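Here the structure is laid out as structure tokens; the discussion comes afterwards.
The values are calculated or read from the model by the stated rules, or taken from the named source; none is laboratory data. Just so you know, these numbers come straight off a predicted model, no measurement behind them. Cβ coordinates were reconstructed from backbone atoms using ideal geometry, including for glycine residues, and neighbour counts include every protein chain displayed.
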Amino acid sequence: MTSTKLWSADTAAPWAAVRQGLANAWQAKASERLQELNRWYEDVLPGAISSRAPDAHITAAELVQLVDWKLNYGKWRPRLLDYAKAATEQQDSATAAAAAAAAAAAAVPSAAAVKAALDALTVLKGVGPATASAALAAADGSGSTPYMGDEALQAACGGRDYTAKAYLQLLDALGAKADWLRQIDPGAGWTAVLVERCLYAAALQEKGGPAATKAEAATAAKAATKPSRGAKASSKAGGNASKAAGDAQSS
């Protein structure tokens, strides 16, 4: 089932099935690198951020790893990772300043609070609304602030527009879907974050096999177009032999 079909489902059964198969979908279809990064994102980063309360924030080093997770989770844009790696610990002050807005968004997830948190985080170079949403999702233990994933944008909003306005629309759509699921599937604890993760898992399940990370794929493609030393030596030797044969014929 595609993400779009899952979004259009009129019962909770398909959602429950995808949710139950989340772990299997990741193990079968996602690369080992993405699985490793996702374990860190879901299990380690939230605790690290909350441990810094009351001024909980994400560090520069965590920002690099967060961008790495985002790029492997979605479309690979190496330039963004370069920006994150160029960050220094001086940026911690900026992320700490953003923490107050992020905490407010988590405590009272109004559109104004979330917009303020996005604005505070996107002052960092290379951090757009999507990366900022990943940080907010990790900082928000309530599950009401989801990640701005491609699959969720496509299914819920009909396109991929990476703006603060689009994120607020996605926030409303995923929140409404979670409300609907809680009504027809009471006790299951549906949240906007879980809705986004199920949409992503549905897309994963459509893949034909384990996916290489975007970085691995880019490296493999580059290696495939670059001749090896042996091939260069063989080519050079062949060229020398041809030249010698030509010289012999002309003498």
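Can you tell me which residue within segment 140-173, out of those that are of a type in the set (S, T, N, Q) and within 22 Å of Ser50 (Cβ to Cβ), is surrounded by the fewest Cβ atoms within 10 Å (Cβ to Cβ)?
Per the stated criteria, the residue is Ser142.
Do you know which residues across segment 161-188 are over 20 Å from Ala135 (Cβ atoms), of a type outside the set (Asp, Glu) and touching a residue at least 40 places away in the same chain (Cβ under 8 Å)?
Listed by number, the residues that qualify are Lys177, Leu181, Ile184, Ala188.
Table: residues versus (1) part of a helix (DSSP H, G or I); (2) modelled with pLDDT of 85 or more; (3) surrounded by fewer than 19 Cβ atoms within 10 Å (Cβ to Cβ).
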{"position": "Asn72", "(1), (2), (3)": "yes, yes, no"}
{"position": "Trp76", "(1), (2), (3)": "no, no, yes"}
{"position": "Ser93", "(1), (2), (3)": "yes, no, yes"}
{"position": "Ala112", "(1), (2), (3)": "yes, no, yes"}
{"position": "Ser133", "(1), (2), (3)": "yes, yes, no"}
{"position": "Ala137", "(1), (2), (3)": "yes, yes, no"}
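Kindly indicate the residue of segment 42-63 that is of a type outside the set (D, E, K, R), buried (at least 17 other Cβ atoms within 10 Å of the Cβ) and over 21 Å from Leu194 (Cα atoms) and also modelled with the lowest pLDDT among those meeting that condition.
Ala56
Among the residues of segment 22-41, how many are of a type in the set (Gly, Ala, Ser) and surrounded by 19 or more Cβ atoms within 10 Å (Cβ to Cβ)?
2
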